[in-house]
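In what follows, a single structure is set out as structure tokens and then discussed.
The values are calculated or read from the model by the stated rules, or taken from the named source; none is laboratory data. These numbers were taken from a predicted model, which means no experiment stands behind them. Here the Cβ is made from the backbone with ideal geometry for all residues, glycine too, and neighbour counts use every protein chain on show.
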Amino acid sequence: MTFLLPLLLLFFAPHIHPTVAVSSSSDNFKLATYSPGDAVPISCLNRTLESGEHVTDEHGILQYVPFLACAETGRPLELKYLSEDPLNCTIKSISDDTFHLWEFYIHNDSPLSCRVPARPQSGDRHITGDVGVEDGEWIPFVISLTGKLDLTHLHVSTTINVIFHTGIFSQDSTEILYPGTIDSATAYSVSPNIDSTRIIIGDDLPLRFNIRWYTGTDLPLSDSAINDWGKNRCYGEHVTLSTLMYCILTAICTSIACTAWFLGFEFPKRLRRVRVGSVAGSGYAIGSNNGGGGGKGTYSPAANGVSGPGGGWYTKKD
């Protein structure tokens, strides 16, 4: 029976070895993640000029093309992961095709529907395919443009706010799940009635992007110093806590200061006046003439309660 053991090992070895190898490989497998400053490319749906409908390939998958090239870099628009520096992208010499596509975007007949990769496209996993084909690998990024259409030109609001959400917190909020990834994204034009650019075919289109990154799914409270809605919201909380305590402390400090001033300065001063007036007061005596006639009386200084020469006088206090 001993000679059968080597044969059994040779028979089962090919079936056991691949399983161990795959397990070891899966343990060492890591997904690609963004690092601060990594490029986040933007690609948008390819649309027809006739109707603005999206274009699909021979397999029925939506076609995405890179965003228009920026004159500042000479490359299609890219954002930097976790960077909030304002980004300028000037599209040089708008072509006839691009001008008509932007007419669809401004009129919202066909939105500027783009996407960004949830993870870097270079790394252990190469991201390919359409949104939804690889679950969670592509994040929809719709840019809502506002402006005004005219017969010969366009008015475009060129300042665009961009909001990104990165990896979410765990249920106990002690660690970040899926760090170095993008969870969701959106963008929109601001101040179309104040800050808009008039363009015709052949003009340059300057775009300015203000970018903010938030960790998790929640947005922070509005800034009370800038946003009126946030000011009203924070104002109620401020009144019930800080202002109430401030008023109470102010009233206590004012009472202490007034009491100390009165007892230490004003009350002793008044007390001294009363004592001096009752003990050593001064007055004037009114006496008759020495001849006993009906002459005019005269004033003469005298101490209170002491009769002066001539008699028949009284004192008058100051």
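Counting only residues that are of a type outside the set (V, I, T), modelled with pLDDT of 80 or more and surrounded by 12 or more Cβ atoms within 10 Å (Cβ to Cβ), the stretch 197-244 holds 13 of them. Of the residues that make up the stretch 51-67, is at least one out of contact with any Cys (no Cβ under 6 Å at 6 or more places or on another chain), among the polar types (S, T, N, Q) and within 30 Å of G167 (Cβ to Cβ)? Taking every residue of the stretch 51-67 in turn, at least one turns out to be out of contact with any Cys (no Cβ under 6 Å at 6 or more places or on another chain), among the polar types (S, T, N, Q) and within 30 Å of G167 (Cβ to Cβ).
For every residue, the table says whether it meets (1) of a type in the set (A, V, I, L, M); (2) assigned to a strand (DSSP E or B); (3) out of contact with any Gly (no Cβ under 8 Å at 6 or more places or on another chain).
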{"site": "C44", "(1), (2), (3)": "no, yes, yes"}
{"site": "E50", "(1), (2), (3)": "no, no, yes"}
{"site": "E58", "(1), (2), (3)": "no, no, yes"}
{"site": "L82", "(1), (2), (3)": "yes, no, no"}
{"site": "T98", "(1), (2), (3)": "no, no, yes"}
{"site": "F104", "(1), (2), (3)": "no, no, no"}
{"site": "S113", "(1), (2), (3)": "no, yes, yes"}
{"site": "V116", "(1), (2), (3)": "yes, yes, yes"}
{"site": "P120", "(1), (2), (3)": "no, no, yes"}
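Considering the conditions (1) of a type outside the set (V, I, T); (2) modelled with pLDDT of 90 or more; (3) under 20 Å from A118 (Cα atoms), C70 is excluded by exactly one of them, (3).
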